[in-house]
Number of protein chains: 2
Amino acid sequence: MIHCWFVYGIGPLGQGIANAVGLALAERHLAARFNKPDNEIVDHYTYVILGDGCQMEGISNEVCSIAGHWGLGKLIAFYDDNHISIDGDTEIAFTEDVSTRFEGLGWHTIWVKNGNTGYDDIRAAIKEAKAVTDKPTLIKVTTTIGYGSPNKANSYSVHGSALGAKEVDATRQNLGWPYEPFHVPEDVKSHWSRHIPHGAALEEAWNAKFAEYERKYAEEAAELKSIITGELPAGWVEALPKYTPESPADATRNLSQQCLNALAKVIPGFLGGSADLASSNMTLLKMFGDFQKATPEERNLRFGVREHGMGGICNGIALHCPGLIPYCATFFVFTDYMRAAIRISALCEAGVIYVMTHDSIGLGEDGPTHQPIEHLISFRAMPNILMLRPADGNETAGAYKVAVLNRKRPSILALSRQKLPQLAGTSVEGVEKGGYIISDNSSGNKPDLILSATGSELEIAAKAGDELRKEGKTVRVVSLVSWELFEEQSADYKESVFPSAVTARVSIEAGSTLGWEKYNGSKGKAIGIDRFGASAPAGRIYKEFGLTVENVIATAKAL
Amino acid sequence: MIHCWFVYGIGPLGQGIANAVGLALAERHLAARFNKPDNEIVDHYTYVILGDGCQMEGISNEVCSIAGHWGLGKLIAFYDDNHISIDGDTEIAFTEDVSTRFEGLGWHTIWVKNGNTGYDDIRAAIKEAKAVTDKPTLIKVTTTIGYGSPNKANSYSVHGSALGAKEVDATRQNLGWPYEPFHVPEDVKSHWSRHIPHGAALEEAWNAKFAEYERKYAEEAAELKSIITGELPAGWVEALPKYTPESPADATRNLSQQCLNALAKVIPGFLGGSADLASSNMTLLKMFGDFQKATPEERNLRFGVREHGMGGICNGIALHCPGLIPYCATFFVFTDYMRAAIRISALCEAGVIYVMTHDSIGLGEDGPTHQPIEHLISFRAMPNILMLRPADGNETAGAYKVAVLNRKRPSILALSRQKLPQLAGTSVEGVEKGGYIISDNSSGNKPDLILSATGSELEIAAKAGDELRKEGKTVRVVSLVSWELFEEQSADYKESVFPSAVTARVSIEAGSTLGWEKYNGSKGKAIGIDRFGASAPAGRIYKEFGLTVENVIATAKAL
């Protein structure tokens, strides 16, 4: 178990403070669930440094607003107020009063005016921050960038570049540092080395405390241990709901809620929520209340309309403990608001589950601003992430099985707003392969035609297949629920699904056709949408855009 | 000329306030450039309404921070403080003190406590806001959502759904509204109709004012007129720089700066800037200073590290007048931060020019957080936007010609950090076709091999072509600088570039290979990168990832 988190935001700006809010949330949640009056087994601070650039990014305001709302008292942020960014003095673009803003956000604020050498002031500020337990604290630390460099300090030239040999010499002289490069003087070494025995003692004490906790609170200890180690409880997969073609038709967003609720019952570290769309994304965990200031033991997270911050916070939760499995939700089109955080999930191997509903023009009247077109392909092309678009109940359960098992690879589930039937031939095992045959009346791996689809259009492909078979054709219908998983299968398996000899292929998907050439080949045809959508009920708009059984049949016949 | 802008943010939240900041910036800039002591020809307010959802989105904080910095005194924002969002009372996720935050951002703030019926208070607030000329004003107007509905007012059920017939009846009764649906009583009609003659008189007065302005200030009037109408000055295309294969090698970001500076000299409404990366994106207009509170007549915009807000502000500028042509810049990977605003450009037909440098792993040491992989394909799939990746000087000039001409379609230019040679065969005309042959030693439209590439990899394809020709092959090298433009060409033209009989095809592009099947066909091969990049100098990393002449040759031979 970690004693304290220290996050430094660098690179994609503002992500660090978002991660820190997630880490502090995780601590607060676990402490509320597991601490006992005689044994506070979870108890650490989260420290984060953020610079002027982080402060300018909108994501940092989003997460600091919700951190203030949640009252994350053990979150301590140091704002490195050096008033220099890449383009020069922040005077040119950033003159707001940051501390006043943070007061508005419900934070405690402290200002250390001499951050270059005012060590005692910094120590006092940390002490003060710790004493404020109901609010996060921002310690604004005014510093000089490149402190010590006689010619480059306080200028943008030390922001992104090395000092250079000459200026390094001048800085050494200026700071009175006579040592060779990489030489650590004995007194410095011994000063810092204090932390080794100190850290070891802390670890030992914590281990003893946990042993005591295990003795007295065996059940809670087992649960906490599974969260710390990430070991999933035996039999969790069986908790996922099962469906037959006779099960009632339903939107995959509703089927997703059945899975979320099933998983939260059996996986202790499963928690999450939506960016103000819980009732549309269908993400509420019915057996739990809201994670709030007064009820941090609960597992429904209310992120507000803060998609980008939500993603960054979930990265922090996922990285806190391997057994914390956060999910977060909005409309699929609004992945555009949080794409930078999703990419960090992929890059940091944080297994966040992105529950993205209203996944096509099938969402209807909200119109083009809410209708994703290019989003599926845009995530299929993103490295180390799984884009899953299940077609019905069994595929939704399969998508969740995959998502939970992929702890080092985030998953995005694209889910329908509209009702879909439970299809014959779909399966959890099929989803695990990414692409598979749901029906086929051919033999010898040589159908006349292959119809491929994902999600809500698999029904259309299945029906078109049935019609064409009635006319005497041999037709294979393939679900391509996750291209990434399919590409990982053996060449033999891929050939068994898409035999190279069969060039008559049609795909249907309510999104950009780009990329489908991969599975349709040069002679096949993709049915999809390469323009913005329109506002109309799902049935009407599908007809207008040619996402119909008739069009699939006509297209197949015209090949 | 517009007298006043009124923006209401709906749909993608926070975009409306960002557009409003752009509109207010445009007014301030044009007023500073064109107003005379005796004729203030540009003089209007920008009003915007934003709700709780807009306030939670990070983009709104970004743009309100920079609006405060710029001191946009004629921007008046009404914050509809109805404390309800889709998931219920804002108490569950949004309890910050918005007015205090805005004071921190340098705004003047006013609170109208009774927004339901306090009309005089609202009038007084607007008057007060207008009196504060050096700061934008936030008028927090506390209202009841669904005011008048006896059973649904003040609840989330009126946020996204209609009242329903029964509650409409109850509301009519409650408000004492006895009329039939869609009936407008005579007194209401005449009250509102006042605005028709009032508006006509204002227009007439402005036209007379402009006629006077034209008489006295002919030169300025012509310039302002071209900004208002969007008519480009004759001969502007000739201002673009021209290159020969003998011109020095250079990064396309530097060639881009030559184009930006050339265009700003001849196009009066050309202005823009970067999100704190002007010196890396190479976007400074050398003949102009910074647009700042005291110098609003200048044309270099300093957006700070606020990519998302930058995009939304540029949409506002572009939509203010057809002749205002805004460009904005960051690293290509950080389009992830601003994707929602870019999509609004496409949806609103706002011809913003996105100058996106550091467009591949070729950027080197900054590593995977800064290296785009999936970004090219993700924008190629976005409707109504042009993704352009020029290879050298002539292609960069061509990309700018296309971008300036496309006033209803935004353009993204992906530009290299690293030096690239000026290639033989590239041309502005070629870019306008999106894809074209830069060299070919075959006859009868039947080369042995077609090599395709974009941007920095076109050099590699050209060199590989030369090598293979030495070995006796006939090789065609194609630049696919913009897939969208190429797809708009005639079938004959496309066949003349990619004859269907030629199936031996290899593409090379430093990004995701997904989508290249479209041009390579089932038998061709794509060389690219389908994983995250790495931190190393450009030459080293290209070698490690197989983006080399040797690999192109080997791949072609193995087809």
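Quick one: is A:N281 buried (at least 23 other Cβ atoms within 10 Å of the Cβ) and in contact with a Lys or Arg (Cβ under 7 Å, 6 or more places away or on another chain)?
Yes: the conditions hold for A:N281.
Out of B:R476, B:R540, B:R505, B:R531, I need the residue that is within 14 Å of chain A (Cβ to nearest Cβ) and over 31 Å from the mean Cα position of the chain (by Cα). Which one?
Testing whether each residue is within 14 Å of chain A (Cβ to nearest Cβ) and over 31 Å from the mean Cα position of the chain (by Cα) leaves just B:R505.
Sort out which residues of the stretch B:202-251 are within 30 Å of the chain's Cα centre (by Cα) and basic (K, R), and write them in order of number.
Across the stretch B:202-251, the qualifying residues are B:K225, B:K242.
Could you run through the stretch A:243-270 and say how many residues are charged (D, E, K, R), in contact with a helix residue (DSSP H, G or I) (Cβ under 7 Å, 6 or more places away or on another chain) and surrounded by fewer than 16 Cβ atoms within 10 Å (Cβ to Cβ)?
1
Restricting the search to the stretch A:402-432, which residues are closer than 16 Å to A:F486 by Cα, open to solvent by 10 Å² or more (accessible area, probe 1.4 Å) and not aliphatic (A, V, I, L, M)?
A:N406, A:R409, A:T426, A:S427, A:E429, A:E432
Please state which of the following conditions B:G539 fails to meet, knowing it meets all the rest: (1) open to solvent by 30 Å² or more (accessible area, probe 1.4 Å); (2) at pLDDT 95 or above; (3) under 22 Å from B:P390 (Cβ atoms).
Going through (1) open to solvent by 30 Å² or more (accessible area, probe 1.4 Å); (2) at pLDDT 95 or above; (3) under 22 Å from B:P390 (Cβ atoms) one by one, B:G539 breaks only (2).
Would you check if there is a residue in the stretch B:181-203 being under 23 Å from B:F34 (Cα atoms), open to solvent by 80 Å² or more (accessible area, probe 1.4 Å) and not aliphatic (A, V, I, L, M)?
Checked against the condition, which is being under 23 Å from B:F34 (Cα atoms), open to solvent by 80 Å² or more (accessible area, probe 1.4 Å) and not aliphatic (A, V, I, L, M), the stretch B:181-203 yields at least one hit.
With respect to B:A329, is the statement that it is within 25 Å of B:N261 (Cβ to Cβ), open to solvent by 10 Å² or more (accessible area, probe 1.4 Å) and in contact with a Gly (Cβ under 9 Å, 6 or more places away or on another chain) true?
no
Here are some residues: A:S512, A:S456. Which one is among the hydroxyl-bearing types (S, T, Y), surrounded by 24 or more Cβ atoms within 10 Å (Cβ to Cβ) and under 23 Å from B:R380 (Cα atoms)?
It is A:S512.
Any residue in the stretch A:122-135 that is out of contact with any Ser or Thr (no Cβ under 8 Å at 6 or more places or on another chain), more than 13 Å from every other protein chain (Cβ to nearest Cβ) and on the phi > 0 side of the Ramachandran plot?
Within the stretch A:122-135 (the criterion being out of contact with any Ser or Thr (no Cβ under 8 Å at 6 or more places or on another chain), more than 13 Å from every other protein chain (Cβ to nearest Cβ) and on the phi > 0 side of the Ramachandran plot), the answer is no, since none of the residues qualifies.
When the stretch B:227-242 is examined, which residues are found to be surrounded by 15 or more Cβ atoms within 10 Å (Cβ to Cβ) and part of a helix (DSSP H, G or I)?
The answer is B:I227, B:I228, B:W236, B:V237, B:A239.
What about B:L263, is it more than 14 Å from chain A (Cβ to nearest Cβ) and either in a helix (DSSP H, G or I) or within 30 Å of B:E457 (Cα to Cα) (or both)?
In short, yes.
What single numbered condition from (1) away from chain B (no Cβ under 14 Å); (2) open to solvent by less than 30 Å² (accessible area, probe 1.4 Å) fails to hold for A:A491?
Only one criterion is unmet by A:A491, namely (2).
Of all residues in the stretch A:348-391, count the ones that are over 16 Å from A:I412 (Cα atoms) and either within 14 Å of chain B (Cβ to nearest Cβ) or assigned to a loop (DSSP other than H, G, I, E, B) (or both).
Residues that pass the stated criteria total 10.
Can you list residue pairs whose Cβ atoms sit under 7 Å apart, with the first residue in the stretch B:94-111 being under 10 Å from B:K135 (Cβ atoms) and within 7 Å of chain A (Cβ to nearest Cβ) and the second being acidic (D, E) and open to solvent by 20 Å² or more (accessible area, probe 1.4 Å)? Count only pairs 6 or more apart in sequence or on different chains.
B:L105/A:E96; B:G106/A:E96
Applying the selection to the stretch B:70-85, what residues are open to solvent by less than 20 Å² (accessible area, probe 1.4 Å) and either within 8 Å of chain A (Cβ to nearest Cβ) or out of contact with any Gly (no Cβ under 8 Å at 6 or more places or on another chain) (or both)?
Within the stretch B:70-85, B:W70, B:L72, B:G73, B:L75, B:I76, B:A77, B:I84, B:S85 qualify.
Return the residues of the stretch B:542-559 that are part of a helix (DSSP H, G or I) and either open to solvent by less than 30 Å² (accessible area, probe 1.4 Å) or farther than 15 Å from B:P368 by Cβ (or both); say none if nothing qualifies.
Listed by number, the residues that qualify are B:Y542, B:K543, B:V549, B:E550, B:N551, B:V552, B:I553, B:A554, B:T555, B:A556, B:K557, B:A558.
So how many residues does the stretch B:29-69 have that are open to solvent by less than 10 Å² (accessible area, probe 1.4 Å), among the charged types (D, E, K, R) and either in a strand (DSSP E or B) or more than 14 Å from chain A (Cβ to nearest Cβ) (or both)?
So the answer is 0.
Within the group B:G88, B:G118, B:G104, which residue is farther than 25 Å from A:R101 by Cβ, open to solvent by less than 20 Å² (accessible area, probe 1.4 Å) and modelled with pLDDT of 95 or more?
So the residue among B:G88, B:G118, B:G104 that is farther than 25 Å from A:R101 by Cβ, open to solvent by less than 20 Å² (accessible area, probe 1.4 Å) and modelled with pLDDT of 95 or more is B:G118.
For a quick check of your reading of the model, give me the residue pairs whose first member lies in the stretch A:144-169 and is basic (K, R), whose second is crowded, with 16+ Cβ neighbours inside 10 Å, with beta-carbon atoms closer than 7 Å and at least 6 apart or on different chains.
The qualifying pairs are A:K152/A:G146; A:K152/A:V158; A:K152/A:L163; A:K152/A:E167.
For A:G398, are the conditions met, namely being closer than 25 Å to A:A461 by Cβ, more than 14 Å from chain B (Cβ to nearest Cβ), buried (at least 24 other Cβ atoms within 10 Å of the Cβ) and touching a strand residue (DSSP E or B) at 6+ places or on another chain (Cβ under 8 Å)?
Taking the combined requirement at face value, the residue does not satisfy it.
Based on what the data block shows, is A:N300 within 11 Å of chain B (Cβ to nearest Cβ), over 18 Å from A:G22 (Cα atoms) and polar (S, T, N, Q)?
Judged against the criteria, A:N300 is not a match.
Per-residue answers, yes or no, for (1) more than 12 Å from chain A (Cβ to nearest Cβ); (2) in contact (Cβ under 8 Å) with a residue 12 or more places away in the chain; (3) assigned to a helix (DSSP H, G or I):
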residue	(1), (2), (3)
B:D276	no, yes, no
B:S280	no, yes, yes
B:L285	yes, yes, no
B:G304	no, yes, no
B:G312	no, yes, yes
B:A329	no, yes, no
B:V333	no, yes, yes
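The values are calculated or read from the model by the stated rules, or taken from the named source; none is laboratory data. Just so we're clear, the structure is a prediction, and the values are computed from it rather than from any experiment. Glycine gets a Cβ as well: all are built from the backbone with ideal geometry, and neighbour counts include every protein chain shown. Just so you know, the surface numbers come from the protein's heavy atoms only, side chains and all, with ligands and any DNA or RNA stripped out. Shrake-Rupley method; radii C 1.70, N 1.55, O 1.52, S 1.80 Å.
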